Each structure stands twice: as C-alpha cells, then as structure tokens.
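Trainee: Can you keep this structure in mind? I'll have questions shortly.
The values are calculated or read from the model by the stated rules, or taken from the named source; none is laboratory data. Every value quoted in this text rests on a predicted model; they were computed, and no experiment measured them. As a convention, Cβ positions derive from the backbone with ideal geometry for all residues, glycine included, and neighbour counts pool all protein chains shown.
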C-alpha cells in the first residue's frame, strides 16, 4: 500500500481488492467488529465507513478517515480520505468564504472610488484580507501537521483490518 501524502489538503489513498464490492464490504465490516480496539471508533452504512481516533486523544486538529468501497472491473477498491472534523471543516470554509467576499466587495468598492475620483479607502480591507487568507492557510497547515501522527495511526489501523483480507488485496 502507498503511504499517506500529508502534503495534500485532504490526503487520500486507494487499495485494490480482488473481491467483489458486496463481499469486500461484508468482510471489512466483520474485520472492524472483530478488532476490539476499534470498538466505538468506527461507524458505517452501506459501502461507507468512518474511522476516528480514540476519544481520549481527540483534539481540535484530529482527523478522521472516511473509507468507501468502489466497484472495479476485476474486483473492487477501497478509497480512503482523511479530513478534519466536519465542524472544523465548516468553520474554515466559512472563514475563507467571508474573507474572500470581503476582499471582492472591497476591491469592487475601491474600484468605484478610484473611478469616481475619491480616496480609495476601501483598499485597506483588501490589504488586510489577503494576509488573513495566508494566515488561515498556515493555520490549516499547522493543524494538519499536528494531526499527522493520528493520520498515520488511522492508516495503520485500516491496514491491519485489511490484513484479514490479505488474499483479497492485490
């Protein structure tokens, strides 16, 4: 299996399986149930499952692993994606959207001020907004770096689950 690329915003990985999707889903669910260390840390429905870090280790920056089983021409594959908690993800998207809206609105307003021959005081919001976007990006990068070892742990746990399906992994 390939390693987790922690440089991506939402790292992903794919593992091909020789089993058909329905059998792979059943086998993976059974493996999750057999592993007592994962008790209460995963939930799934249909071909989807989520794996979380233990409650005692969860922090604001803690990731979770979303896994789905896809149908392939000669079997199936597991697609995994790491992401922050939905509340953190929504908050960052809200902040990014609000700052971008402020920048676009201020730039438009400043353009109107320049064209009308008045002082373009609205440009201050642009000069504040752009560094704020950079700061948001740095904060998200730091959070991802803090959660790196938890991502590696979650990937190792899913690899352990797949060891139960060793003959199905190509």
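Trainee: Scanning for something surrounded by fewer than 16 Cβ atoms within 10 Å (Cβ to Cβ) and closer than 22 Å to residue 148 by Cα, does region 13-34 turn up at least one residue?
Mentor: There is at least one residue in region 13-34 that is surrounded by fewer than 16 Cβ atoms within 10 Å (Cβ to Cβ) and closer than 22 Å to residue 148 by Cα.
Trainee: Just wondering, is there one or more residues in region 4-22 that are over 28 Å from residue 142 (Cβ atoms), modelled with pLDDT of 85 or more, out of contact with any strand residue (DSSP E or B) (no Cβ under 7 Å at 6 or more places or on another chain) and in a helix (DSSP H, G or I)?
Mentor: So far as region 4-22 goes, yes, one or more of its residues are over 28 Å from residue 142 (Cβ atoms), modelled with pLDDT of 85 or more, out of contact with any strand residue (DSSP E or B) (no Cβ under 7 Å at 6 or more places or on another chain) and in a helix (DSSP H, G or I).
Trainee: Please enumerate the residues belonging to region 69-90 that are touching a residue at least 12 places away in the same chain (Cβ under 8 Å), surrounded by fewer than 16 Cβ atoms within 10 Å (Cβ to Cβ) and part of a loop (DSSP other than H, G, I, E, B).
Mentor: 74
Trainee: Would you check if residue 155 is under 20 Å from residue 41 (Cβ atoms), in contact (Cβ under 8 Å) with a residue 40 or more places away in the chain and assigned to a helix (DSSP H, G or I)? Reasoning before the result, please.
Mentor: On the way: under 20 Å from residue 41 (Cβ atoms): yes; in contact (Cβ under 8 Å) with a residue 40 or more places away in the chain: yes; assigned to a helix (DSSP H, G or I): yes.
Taking the combined requirement at face value, the residue satisfies it.
Trainee: Hey, another quick one. What number of residues in region 44-66 are assigned to a strand (DSSP E or B) and more than 19 Å from residue 12 (Cβ to Cβ)?
Mentor: Within region 44-66, the first condition is being assigned to a strand (DSSP E or B), and the residues that meet it are 44-45, 48-52, 63-66.
Applying the additional criterion that residues be more than 19 Å from residue 12 (Cβ to Cβ) yields 45.
Final tally of qualifying residues: 1.
Trainee: Okay, moving on. Here are the criteria: (1) free of Cβ contacts under 8 Å to residues at least 40 places away in the same chain; (2) in a strand (DSSP E or B). Tell me which single one residue 33 does not satisfy.
Mentor: (2)
Trainee: Out of region 102-136, which residues are out of contact with any helix residue (DSSP H, G or I) (no Cβ under 9 Å at 6 or more places or on another chain) and within 30 Å of residue 66 (Cβ to Cβ)?
Mentor: Listed by number, the residues that qualify are 134, 135.
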